[in-house]
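These notes are about the structure you will find just below.
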Amino acid sequence: MSFCEAPEQNSSLGIEDIRRQAEELVEDINQSRSNDQRVRDKFQDKFVQKMMEMCQEMTGHMHMIYEENSDEMQLQELSKVLENCSKLQNELLEASQALSRLKEDLTMIHKSD
């Protein structure tokens, strides 16, 4: 080997080393990207799952509130019905008393004839 050939061989080894290091860097970058994608996918799956759980919990809570409101509305309606029944009972009592007085008046008129 001559003096001139040695630097070419060293530079070709240097280029080969640089090429190999560049390939390793590209592989490392690609591996890192794959790992990042897996982490993002896992995060997205967990996030979607958590959101679904929260939506189901919120839906359950809303149904419970709807039922409570429904019960309250039914109680209000029942209260109105009972109030109307009470008014009707008073009206019937007044009508019954009026009929009793009318009967007494008719009985007195009939006796006086």
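Is it fair to say Asn10 is at pLDDT 95 or above, in a helix (DSSP H, G or I) and either out of contact with any strand residue (DSSP E or B) (no Cβ under 8 Å at 6 or more places or on another chain) or at positive phi (or both)? So Asn10 does not fit the description; no.
On inspection, Ile15 passes the criterion of being at pLDDT below 95 and of a type outside the set (Ser, Thr, Tyr).
The values are calculated or read from the model by the stated rules, or taken from the named source; none is laboratory data. No experiment lies behind these values; they were computed from the predicted model shown. For neighbour counting, all protein chains shown are included, and Cβ atoms are generated from backbone atoms with ideal geometry for every residue, glycine included.
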